[in-house]
Each structure stands twice: as structure tokens, then as C-alpha cells.
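Report on the structure given below.
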Amino acid sequence: MFYPLTISDFLDRAVTVYPDRIAVVDEPAQPAQSWGEITYAELGRRARAQAATLDELGVPVGGRVAIVSQNSARMLCSFFGVSGWGRVLVPVNFRLAVAEIQYIVEHSGAQVVLVDPDLAHLKDELGVGEGGVDHVFVLGQDDDKIWGSTADPRPWEADAVEKENATATINYTSGTTARPKGVQLTHRNNWLNATVFGWQASVDDRDVYLHTLPMFHANGWGHPFAATAMGVKHVVIRQIDGAEILRRIDEHAVTYLCAAPAVVAAALDAAKDWQGEIPGRDRVRIIVAGAPPPTRTIERVREELGWEFIQIYGLTETAPLLTMSRMRAEWDHLDPTEQARLLGRAGAPAVGVRVMVDDTGEVLAQSNHNLASYWENPEATAEAQAGDWFHTGDGGTFEDGYVTIADRKKDVIITGGENVSSIEVEDALMSHAAVREVAVIGIPDEKWGELVTALVVLDPEADAPSAGDLITHCRQHLAGYKCPKRVEFRDELVRTATGKLQKFKLRQEFWEGQDRQIN
Ligand code: AMP
């Protein structure tokens with residue numbers, strides 16, 4: 001008998017084994033009425049109600065439901081209420097500009113869009129019913145239209161193999177193209193990422209998980225699934241603030257969290273002013289990815305916070321876990337700086353992952369949870385998976401069983417843990433009448449990791465805009481975090497004989513003296 005791996009396995013188990021446990025502590029301070037604390041039995045009931053309501057709305061198996069929201073219990077529930085009955089959840093970055101959200105909704109073909117109350121304006125902007133989406137519901141205000149049904153959801157009728165390989169989620173990610181691409185992950189992909197991640201990060205039923213990572217980002221790296229499977233308590237946090245992170249760790253006895261380096265920095269800063277013992281000392285493990293953290297940061301997390309430091313490396317396309325770096329017995333006798341240096345490597349391949357570095361220095365991966373394909377983009381899919389290896393676009397080494405990421409082959413900037421496509425920003429700048437040429441690069445920055453920086457050649461005939469004017473112009477087209485934080489005017493930009501921009505040369509002056517080319 002073949003029984004399919006589907007993401008409802010996780011919530012089904014929690015409802016069976018831990019019905020009376022608190023499943024979620026929702027964010028208390030949010031524009032919708034907080035769900036407060038609900039048990040796994042109740043989370044299961046709400047997921048069923050959501051699925052039954054989608055039946056009544058006529059959203060078929062395979063139909064897409066987008067959600068544009070900060071972290072919330074409602075969003076957590078939607079991972080199960082939507083995907084658990086064969087539909088596809090499209091979690092969208094809530095920081096994106098309206099035009100970007102419109103593109104994703106349209107490209108994914110979402111029939112229903114759920115939005116945070118702060119984004120209620122999308123109701124008008126997404127053009128309901130006029131060839132656009134069928135419904136836009138505001139979380140909190142329209143709960144009866146999302147969770148109102150009291151019927152039993154229609155069972156998901158499909159062949160077992162079909163179910164396991166059905167698309168569960170589509171996450172849009174900015175890459176090397178002007179438009180974001182939809183990463184299509186199947187139930188199998190999400191299942192294996194969640195279980196392997198949960199296993200290697202020792203997630204068990206004594207854990208309490210703090211959602212510092214946005215759930216839209218690679219489905220919160222799979223922790224909505226992994227933590228649920230083990231009956232872990234989910235503590236939702238809506239806005240990232242170092243002191244608030246420490247306070248919630250204290251209040252809810254949190255044991256693990258995931259974070260981009262900027263969040264680690266916020267926690268370290270807040271710890272300086274914290275009165276008394278740091279919350280979670282000798283209890284919390286923090287899982288970090290997005291950029292290679294400096295050795296000193298790792299040492300400080302271990303010394304000043306007393307938390308276990310774990311690094312992972314991966315991409316939205318790989319669900320995301322590819323490698324993990326975690327203390328091992330062989331290193332116990334080493335001094336803390338050497339241990340931190342070893343932990344600074346991206347990590348060893350996770351179970352079910354194979355890694356190699358090709359002769360151009362690019363890291364390639366094969367894994368049981370690499371994306372099925374990019375949604376409606378066969379060319380990009382074929383390119384990313386050429387030769388049956390997934391091309392990460394990252395440059396690095398693979399030695400002694402460990403991957404180190406040192407460089408980026410793709411034209412992507414990672415700022416505050418989010419990807420920004422240089423081309424997208426260049427397109428936005430080029431749409432300004434006074435801009436003749438532009439190159440957008442990332443430069444090292446203490447707070448953001450990399451700072452989106454535009455080098456601009458102006459049209460001498462036009463009225464010269466200021467740096468601020470150009471940033472304001474970008475804001476009309478792009479999410480705030482993608483807009484340049486620094487603009488420098490140049491007389492010309494270095495190009496090859498064939499007219500191609502030589503970004504590595506443009507980057508050189510900013511990266512001099514750094515031991516790697518990413519931050
Ligand atoms: P995303 O798909 O938005 O999660 O971004 C994935 C990209 O983040 C990767 O291709 C890397 O460039 C970068 N990244 C993720 N984890 C690490 C890490 N541990 N070290 C270096 N870069 C990382």
C-alpha cells in the first residue's frame with residue numbers, strides 16, 4: 001500500500017495526540033481581533049471550517065488562495081485549511097508594493113485573496129470580479145466568509161501518488177529575472193523539508209516556537225509544519241523588535257526560533273539593555289540563515305545570550321533546507337572561537353541532500369525537497385535544473401563534508417534577509433526620465449547585511465533629480481526594502497567591449513578588504 005505524504009499529516013497528528021494543548025498564542029497587538037490562545041483541537045476545527053468554506057466558495061482542488069499578511073494565527077491555520085484539502089496556498093510578502101502584489105495574484109491565478117487589515121486597500125486595488133480575483137477577504141473583518149462554514153469539508157479525492165506530488169504552496173521569490181518567480185513546492189517537498197529539518201534541529205514535543213521568521217518566506221522555512229507535527233506551541237510575533245523578542249521568550253518559555261542575521265543583531269542589541277538573566281539562556285536554540293554570519297556574531301550569541309547557534313543554508317527553491325551547521329561532539333574540546341568559526345560555515349548536507357560545486361564555483365544541489373518547478377515558467381525551470389542539478393546561483397566550496405558560501409553568482413542582493421533582484425531595481429530607476437544608465441549592487445552594511453546601492457548616470461539634458469527624488473520614484477514601483485538606500489551619481493559605468501556592465505568591478509571599491517563577497 002502506498003500512503004501519500006501530505007501536509008495534513010502534521011495537523012492530524014497534533015489533533016489526535018495533543019488536542020488540549022495550546023497550539024497557537026496569537027499576536028495580541030494586531031489590527032484584527034487576536035485569536036488569543038487556541039488548542040490543537042480548535043486549530044484543527046478551524047482548518048476544517050476554512051476548507052469547507054472554500055468548498056462553498058467553489059474553489060476547486062488545485063485552486064489557488066493567496067494570503068498577504070504579517071505573521072498571525074490565521075495565517076498559520078491557512079497552511080492547513082487551504083493546502084490540507086488539495087488547494088494551493090500562495091503566501092505573499094506583505095511588504096511588496098501594490099503593483100508587485102497584483103502581479104503575483106494575477107500570475108498565480110489566485111481566486112481568493114486573504115489580506116491583513118493593514119492591507120485592506122487591496123480589496124479595491126485587486127479588481128474583484130472584473131476579470132480579477134473572485135474574492136478578497138480581510139482577515140478579522142471577514143472571518144465568517146473565510147471560516148464560517150459548519151459543514152464537513154469535502155474529502156480530497158485523488159490518487160495517492162497524485163496527492164503526494166500535488167502542489168501545496170507557491171512562494172514568489174525575487175531572483176535574476178525582472179519579475180519574481182513562483183516556486184512550486186509539492187506536499188512531498190514540504191513534508192520532507194519539515195521532517196528532516198525538524199529531526200536535525202531536534203524539534204520535539206517540549207519545544208515552544210517563536211515565529212520571528214515571516215511565514216510567507218519559504219513557508220516559514222517549514223516550521224508551521226514541523227512544529228505542528230510535534231504538538232509544539234507556536235508563539236506568533238507580528239513585528240520584529242529585539243526587546244520584544246526577549247520578552248516573549250521569557251513569557252512563553254520559548255525554546256527555538258529562526259532568524260535572518262538582522263534579527264540576531266536586534267536580539268544582541270536588546271540584550272545589552274536587558275535587566276537580569278537573558279531569557280532562554282541554556283535553553284533556546286536559534287537557527288540562522290540568509291547570509292553567512294560573522295564568527296564574532298556567533299560567539300556573541302553563544303556567550304552573551306547563552307543560546308545554541310545553528311546555521312542553515314538553502315533557498316525558497318529548496319524548501320529551504322540544504323545544509324545545516326550545528327555543534328558536534330568532535331568539536332567539544334575546541335575553544336569557543338574555533339567552534340564559532342566552524343559554525344560559520346553554511347553546513348553539512350541535510351539528510352536527502354547531495355551537494356557539489358561545479359567548475360565555475362557554483363553550488364549545485366539535488367534533494368528530496370527541491371522545487372517541482374517555477375509556476376508557469378518552463379524556461380526558468382529548465383535553466384535552474386539543468387543537468388538534473390539545482391543551480392543555487394551561490395558560489396562556494398564543499399570541503400570535509402561542509403559547504404561554505406563565499407560569493408554570489410546571481411545578480412541578487414540580500415538585504416535584511418530578503419532577496420532583491422538588481423534588475424528589478426534597475427528597471428524601476430530606468431523608468432525615471434532623467435536616468436540614462438544605472439547599475440544596482442549590494443554593498444556591505446552592518447545593519448542590513450547588504451545595502452541596495454544604485455550607481456546612476458544622468459542624462460545631461462534633463463533636470464537633475466536628487467538621490468532622494470530617485471528613491472521616491474522607486475517607491476512608486478517597488479517594496480520599500482527593495483528601493484536603494486544609497487544613490488551615487490557617476491559620469492560613466494565600466495562596461496565590457498560588448499557593452500555589458502561589469503558589476504564585479506563596480507562592486508570592488510566597496511568590498512575591498514572583505515574576506516568574502518557577500519554579507
Ligand atoms: P531565499 O530564497 O529568499 O531564502 O534566499 C536564498 C539565498 O539566501 C541563497 O541563494 C543564498 O544566497 C542566501 N543564503 C541563505 N542562507 C545562507 C547562508 N547560511 N549563508 C550564505 N547565504 C545564504
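Residues to consider are 401, 416; find the one that is closer than 30 Å to residue 265 by Cα, modelled with pLDDT under 95 and not hydroxyl-bearing (Ser, Thr, Tyr).
Of the residues listed, the single one that is closer than 30 Å to residue 265 by Cα, modelled with pLDDT under 95 and not hydroxyl-bearing (Ser, Thr, Tyr) is 416.
Of the residues examined, residue 14 is not one that is out of contact with any Leu (no Cβ under 7 Å at 6 or more places or on another chain), small (Gly, Ala, Ser), over 27 Å from residue 120 (Cα atoms) and surrounded by fewer than 23 Cβ atoms within 10 Å (Cβ to Cβ). The set of residues in the stretch 478-511 being in a helix (DSSP H, G or I) and either surrounded by 13 or more Cβ atoms within 10 Å (Cβ to Cβ) or of a type outside the set (Gly, Ala, Ser) (or both) consists of 481, 482, 503, 504, 505, 506, 507, 508, 509, 510, 511. Here residue 335 fulfils each of the conditions (1) closer than 22 Å to residue 225 by Cβ; (2) at pLDDT 95 or above apart from (1). Residues in the stretch 209-262 that are within 15 Å of the ligand (Cβ to nearest atom) and more than 28 Å from residue 187 (Cβ to Cβ): 261, 262. Between 435, 456, the distinction of being modelled with pLDDT of 90 or more, buried (at least 21 other Cβ atoms within 10 Å of the Cβ) and among the aliphatic types (A, V, I, L, M) belongs to 456 only.
From (1) outside any helix (DSSP H, G or I); (2) buried (at least 18 other Cβ atoms within 10 Å of the Cβ); (3) at pLDDT below 95, pick out the condition that doesn't hold for residue 100. Every listed condition holds for residue 100 apart from (1).
Here's the yes/no breakdown for (1) touching a helix residue (DSSP H, G or I) at 6+ places or on another chain (Cβ under 6 Å); (2) outside any helix (DSSP H, G or I); (3) within 20 Å of residue 186 (Cβ to Cβ); (4) not β-branched (Val, Ile, Thr):
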{"position": "11", "(1), (2), (3), (4)": "yes, no, yes, yes"}
{"position": "30", "(1), (2), (3), (4)": "no, yes, no, yes"}
{"position": "33", "(1), (2), (3), (4)": "no, yes, no, yes"}
{"position": "60", "(1), (2), (3), (4)": "no, yes, yes, yes"}
{"position": "65", "(1), (2), (3), (4)": "yes, yes, yes, no"}
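Selection of the stretch 299-348 for residues being near the ligand (Cβ under 10 Å from one of its atoms) and among the aromatic types (Phe, Trp, Tyr) yields only 313. Scanning the stretch 358-374 for residues that are away from the ligand (no atom under 15 Å from the Cβ) and in a strand (DSSP E or B) turns up 366, 373. Taking the numbered list (1) touching a residue at least 40 places away in the same chain (Cβ under 8 Å); (2) out of contact with any helix residue (DSSP H, G or I) (no Cβ under 6 Å at 6 or more places or on another chain) in turn, residue 153 passes all entries but (2). The set of residues in the stretch 127-150 being part of a loop (DSSP other than H, G, I, E, B) and either under 27 Å from residue 186 (Cα atoms) or in contact with a Lys or Arg (Cβ under 9 Å, 6 or more places away or on another chain) (or both) consists of 132, 133, 134, 139, 140, 149. For the stretch 182-218, a residue qualifies if it is more than 14 Å from residue 318 (Cα to Cα) and either among the hydrophobic types (A, V, I, L, M, F, W, C) or touching a Gly at 6+ places or on another chain (Cβ under 6 Å) (or both), and the qualifying residues are 199, 201, 203, 205, 208, 210, 213, 215, 216. For the stretch 241-250, the condition of being touching a residue at least 60 places away in the same chain (Cβ under 8 Å) and out of contact with any Phe, Trp or Tyr (no Cβ under 6 Å at 6 or more places or on another chain) holds for none of the residues. Counting residues in the stretch 115-126 that are among the basic types (Lys, Arg) and crowded, with 23+ Cβ neighbours inside 10 Å gives zero. For residue 355, the conditions (1) in a loop (DSSP other than H, G, I, E, B); (2) β-branched (Val, Ile, Thr); (3) under 16 Å from residue 397 (Cβ atoms) are fulfilled apart from (1). Assess whether residue 377 counts as being more than 15 Å from the ligand (Cβ to nearest atom), farther than 18 Å from residue 314 by Cα and in contact with a Gly (Cβ under 8 Å, 6 or more places away or on another chain). Yes; evaluated as a whole, the condition is true for this residue.
The values are calculated or read from the model by the stated rules, or taken from the named source; none is laboratory data. In this text, all values refer to a predicted model and were calculated from it rather than measured experimentally. Glycine gets a Cβ as well: all are built from the backbone with ideal geometry, and neighbour counts include every protein chain shown.
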